[in-house]
Amino acid sequence: MEDFEKLGLFYLGRKYDLENKEILPQPLLYKSKDLTTHAVCIGMTGSGKTGLCVGLLEEAAIDGIPSIIIDPKGDMCNLMLTFPNLTGEEFLPWINKQEAENQGITEQEFAQDQAELWKKGISQWGQDSDRIRRLKQSAEFNIYTPGSSAGIPVSILKSFSCPSEKILSDRDLLNESINSTVTSLLSLLDIKADPIQSREHILLSNIFKSVWSDNKHLDLESLIKFIQKPPLEKIGVMNLESFYPSEKRSELALTINNLLAAPGFSSWLEGEPLDIDRFLFTSQGKPKVSIFSISHLDDSQRMFTVSLLLTQLVSWMRNQSGTSSLRAIFYMDEIFGYFPPVANPPSKTPLLTLLKQARAYGLGVVLTTQNPVDLDYKGLSNTGTWFIGRLQTEQDQERIIDGLKSTENVVNQKLNLAKLKNILGQLNKRVFLVNNVHQDFSETFHTRWVLSYLRGPLTRTQIKSLVPDKPSAANPLPAESKIKTTLKYSPTDKLKSSIPILPPHIEPRFLPVQNKIPENSNLLYQLMVWGKGTIYYLDAKKGISTEQPVDLLCSLTEENPNPDWETSKKVAFEIDDLFLEPDPEPAVYHDPPDYLNDKNIVKQWQKNLINWLYRNQQLELLKSLSLGIISQPDEDEREFRIRLQTAAHEKRDEMVEKLTEKYQKKITSLENKIFKAEQKLEKEKEQQKHQQLQTSISLGATVLSALVGRNVVSRSTLGRATTSARGAGRVLKEQQDVKLAEENLKRLQQELDELNKQMAEDIKQLKESINPAEEQLENFVLKPKKKNISVDHLMLVWIPFLNKQAGQNIQPAFTN
């Protein structure tokens, strides 16, 4: 394989000599971190735009970068078609049968031809089947089909999730999120609503704002109820009924209800929740390539799906830490209609937000179109990379040139617009002009052969076969009591029908009954010790400063005055949850032990609890040895591995830059020496050639003079012979000089080869040393100091249980 497997570089193709129509041997390597300033790809149908973008997404997956892909046409589903063995059997289910028939061959023969074509293609571009395997192993590929069960369904409409805290605390961002969500929903209902003039839009916006401000989620069912009975009395300064009468609100509620009741609409409510984090990473933290196929949807459904997905993406972005490296990619295969220059569809605002702000969070946005006319170039002015392919008309060329005038590329004068039109007119299929603000020049290149089989749009049946094991919608688990305590009733238990009198230094509380008491049952109260406190974990060197709450409930025994905290159960009580009086239900009470008369018993319990916590509690975290990073206390392994991947890319980019800087000076110096050595060699060869010619002339003249009849050697003849002898000596010297120059050039080239090998080896070792996806994480344990353990509440609490027939278990009469 060719030497294009560089850290942080995407192999997109080879450089192209536009004048001579020739593919050059040098690879076109694109820095992954350059994609944080986003990219746009423009080219007509047949320009090779799909191949270029598939190749870019393949490179990202190999590099461990997750992607979310919106696929309106069905072409990007081809990323699922990777066949490492490159056999006809692998290709057979996916070939175009009509093409086989047109060629007059069997389907098996055509499949074998396609396999051979792909094998030859990837080989010609320096790739092999191992690279296909790497692609398949680097990420998990899935196809999602909102509104359909062909792929993995997505519950787009089941829940309008509350945005992140960062968005809720920013009024402008919150209003943008609400506006986009409401406009998308109304467009799905075929209601063209102006955010300022439309009563429907204003009412729904106020409902969303009211519910989200309480940090609650919305679904269509609750939205219908809120439309009928809004959680507000006024809209602006007007009374609700005056602004939007209940009769008219009922009509809007009925319209949404009809949407819910429509045949086939249930598929919009089933499947995976619209959770960006789950679309980017698996449950183990492995990168995902999530393809949203929306070709089966109508225009309003597409707009609704895209807008909601973009809104959720903005919310996810706001929850991420800043980074200069590429963290994830959002790719949209055809932006026509979603980003127009004048109109303002619900998809445009979140797209503009991403283009302006996503760079700081390492989210790269890649947009493509084959229609360069209806595009908001002003909105694309901050896009750092432009891939421009073959265009259909001169009007398209002119539109791109006009659009580029407002971009940073032209401001920095990195793109000569006078030459651009001439270049655009010469681009052939799979040949693109790339203009990158991070480089001082633009260049043309020919795209590489992709690893995925480009068979064209997939049918719904084919999509079904690619996702045979669809995850079902997760059903919420029933609430489970955190207290597992089960008491055994026996005739020997000391029970009283009234509340036992306790010593004055004991001030017990009562936990209220929360469960319904069945017939023929009464309450049984048991006295238990409740301890609530805090453990502070500190390690300044490791940057750890956190606290963990302690909330334990422990039974008392007759024999041992000290509670056995080993048998305690975790609860979640607050002091305000406990009452001074029991519930007015028939009840019996366990007789308390006699040792409660000890005035120091509570202090003794508190001391014992602190000692027990000191001996038995610890903070268990995870540690990456390769990066020296420790997980956060509230961070599980999946979240930690995802964070490690971002940190690894940051460290890798930083170290690659240092390595490049270290070797570049040496490489540049050697290249300059080689250039001078090549010039000297050419000069020595010219001198040798000239001296050989002069010596030949001199020797020829001497021989001719001797042959014309002079019998005696004249002085002039002797002089020419002497000159010829000296010339032969100079020829020999020139030959030696050429040989020395050749040896010097060869030595310098060997030094350069060795330097490049050494650099490649250092990069390889760097790559192997930083692999958080496969790294075996270590456990990091931090014990608390006794002085950092505090007990805020320690008291006796009467706990209610259901008292049934003798010999049966009695269960907690509350839920915690």
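Here are the numbers for this structure:
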| item | result |
| --- | --- |
| Per residue accessible area of the range 252-298, 1.4 Å probe, in Å² | 39 |
| Helix-only [θ]222 nm of the chain, DSSP H runs n ≥ 4, -39500 (n - 2.57) each, per residue, nearest 500 | -13000 deg cm²/dmol |
| The range 76-118: relative contact order as a whole-number percent, Cα under 8 Å and 6+ apart | 45 |
| Kirkwood hydrodynamic radius of the range 62-184, from inverse mean 1/r over distinct Cα pairs, in Å | 18.4 |
| J(HN,Hα) series, the range 318-325, from Karplus relation 6.51 cos²θ - 1.76 cosθ + 1.60, nearest Hz, glycine and proline x | 5, 8, 8, 7, x, 7, 9, 9 |
| In Hz, Karplus ³J(HN,Hα) per residue of the range 18-32 (6.51, -1.76, 1.60; θ = phi - 60°; x = Gly, Pro) | 5, 5, 9, 6, 10, 7, 8, x, 6, x, 8, 10, 10, 5, 4 |
| Estimated FRET transfer efficiency when R0 is 51 angstrom, pair Glu682-Glu778 (beta carbons, to 0.05) | 0.25 |
| Positive-pole candidate from Gln124, Gln284, Leu355, dipole of the chain, charges at beta carbon | Gln124 |
| Probe 1.4 Å, protein heavy atoms only - accessible area per residue of the range 86-175 in square angstrom | 48 |
| Relative contact order of the chain, pairs being alpha-carbon contacts under 8 Å that are 6 or more residues apart, as % | 18 |
| FRET E, pair Asp17, Ser169, Förster distance 60 Å, beta-carbon r, rounded to 0.05 | 0.65 |
| Paramagnetic reach from Asn600 (point 7 Å along Cα→Cβ, amide N under 19 Å) across the range 545-585 | 560-563 |
| With every protein chain in place, the chain: carbon and sulfur % of accessible area (1.4 Å) | 49 |
| Amide H contacts of Glu272 (H built 1.01 Å from N, under 5 Å, at least 5 apart or other chain) | Val154, Ser155 |
| Violating pairs (Cα-Cα greater than 19 angstrom) within the set Lys73/Lys378; Lys6/Lys623; Lys6/Lys31 | Lys73/Lys378; Lys6/Lys623 |
| DSSP-defined antiparallel bridges as percent of all bridges, the chain, nearest 5 | 65 |
| Long-range amide H partners of Ile235 with built H, under 5 Å | Leu240 |
| Relative frequency of Cα-Cα separations exceeding 36 Å in the chain, percent | 63 |
| Inter-probe distance in nm under a simple model that places probes 7 Å from Cα toward Cβ, at Lys356 and Asn319 | 2.3 |
| Selection from Trp212, Val366, Thr461, by position along the positive dipole direction of the chain (Cβ) | Val366 |
| Cβ-placed point charges (K, R +1; D, E -1), dipole of the chain about Cα centre in debye, nearest 20 | 3140 |
| Ratio Rg/Rh [Cα only; Rh per Kirkwood] for the range 34-87 | 0.98 |
| Over the range 583-642: Rg over Rh, Cα atoms, Kirkwood Rh | 1.34 |
| R0 of 56 Å, Cβ-Cβ distance Glu620-Ser300: FRET efficiency to nearest 0.05 | 0.65 |
| Signed unit charges on C-beta, dipole axis of the range 539-624, positive-most listed residue Gln618, Asn600, Pro584 | Gln618 |
| On Cα atoms only, tilt of 348-357 relative to the major axis of the chain in degrees | 70 |
| Glu581-Ile544 pseudo-label distance in nm [points 7 Å out on the Cα-to-Cβ vector] | 4.9 |
| The chain: angle of helix 171-188 to the longest principal axis, Cα-based, in degrees nearest 10 | 90 |
| Where labels lie 7 Å past Cα in the beta-carbon direction, separation of Leu29 and Leu755 in nm | 1.5 |
| Hz values of 3J(HN,Hα) by residue in the range 422-437 - Karplus curve (6.51, -1.76, 1.60), Gly and Pro given as x | 5, 5, 4, x, 9, 6, 9, 4, 6, 10, 10, 9, 10, 10, 10, 5 |
| Amide proton proximity set for Gly46, modelled H, under 5 Å, gap of 5+ | none |
| Between the range 497-567 and the range 94-136, the alpha-carbon center distance in angstrom | 69 |
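The values are calculated or read from the model by the stated rules, or taken from the named source; none is laboratory data. Note that the coordinates shown come from a computational prediction; the quantities given were computed from them, not determined experimentally. Methodologically, a virtual Cβ is constructed for each residue, glycine included, from the backbone with ideal geometry; neighbour enumeration extends over all protein chains shown. Just so you know, the surface numbers come from the protein's heavy atoms only, side chains and all, with ligands and any DNA or RNA stripped out. Shrake-Rupley method; radii C 1.70, N 1.55, O 1.52, S 1.80 Å.
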